[in-house]
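See structure below.
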Amino acid sequence: MKKFLLVLALAPFPALAHPGGPLAHGLAGGFLHPLMGMDHLVVMLAVGLWAGLQGGAARLVLPGAFMAAMALGMGLGMAGLAMPGVEAGVLASVLLLGVLAALAVRVPLGMAAPLVGLAGLLHGHAHGVEAGALELTYAVGALVATAALHGAGLALARPFSRLFARARTA
C-alpha cells in the first residue's frame with residue numbers, strides 16, 4: 001500500500017489550469033474564472049498592487065491596459081484564433097508581475113503599460129479559449145471580476161505606498 005501511495009504521489013498529473021466545464025459559460029462562469037484560477041487571481045491582484053505602488057497615472061493606465069488587452073485576447077480565443085505559448089506566457093506574467101509588485105519596482109509607464117497589456121492579452125486568450133465560443137456574458141463576467149481584483153490590488157497598495165515613499169526619501 002505504501003508503494004502505491006508513493007507512486008501516486010510522484011505520478012505526473014496535468015495542471016488543468018483551463019479545463020472548461022460548467023463554469024466556462026455565462027456571466028457567473030466568466031465572473032468566477034478569474035477568482036478560481038490561481039494564475040489569474042495572482043496576476044490581477046499584482047497588476048492593481050503594482051499600479052498602486054507606482055502611483056499617479058499608473059493607477060488607471062495599468063489596469064486599463066490589462067483589461068483592454070484582456071478583452072482583445074478573449075475575443076481572439078473565443079473566435080478560435082490560436083496564439084503560441086499562451087500557458088507559458090501566463091506563467092511568466094504571474095512570476096514577473098508578482099515580483100515587480102512585491103519589490104515595488106518603478107518602471108516608466110511607457111514600458112509598464114505594454115508589459116501589463118501583454119499579460120492581459122495572454123490571460124484573456126486563456127479565458128476566451130475556455131469559453132470556446134463568442135459569449136458576451138462570459139466576457140462581461142470575466143472583465144467585472146478582473147476590475148474588482150485590480151481594485152483590491154489598488155486598495156492593498158495604499159498602506160504600502162506610504163511605507164515605500166518614506167523608504168525612498170530616507
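Scanning region 49-71 for residues that are within 14 Å of the chain's Cα centre (by Cα) and either under 28 Å from Gly132 (Cβ atoms) or not small (Gly, Ala, Ser) (or both) gives Leu49, Trp50, Leu62, Pro63, Gly64, Ala65, Phe66, Met67, Ala68, Ala69, Met70, Ala71. Here the condition is being among the basic types (Lys, Arg) and at pLDDT 95 or above; of Arg162, Arg106, Arg59, it holds for Arg59 alone.
The values are calculated or read from the model by the stated rules, or taken from the named source; none is laboratory data. Here the structure is a predicted model, which is why all the values come from computation and not from measurement. Heads up, the Cβs are rebuilt from the backbone with ideal geometry, glycines too, and the neighbour counts pull from every protein chain shown.
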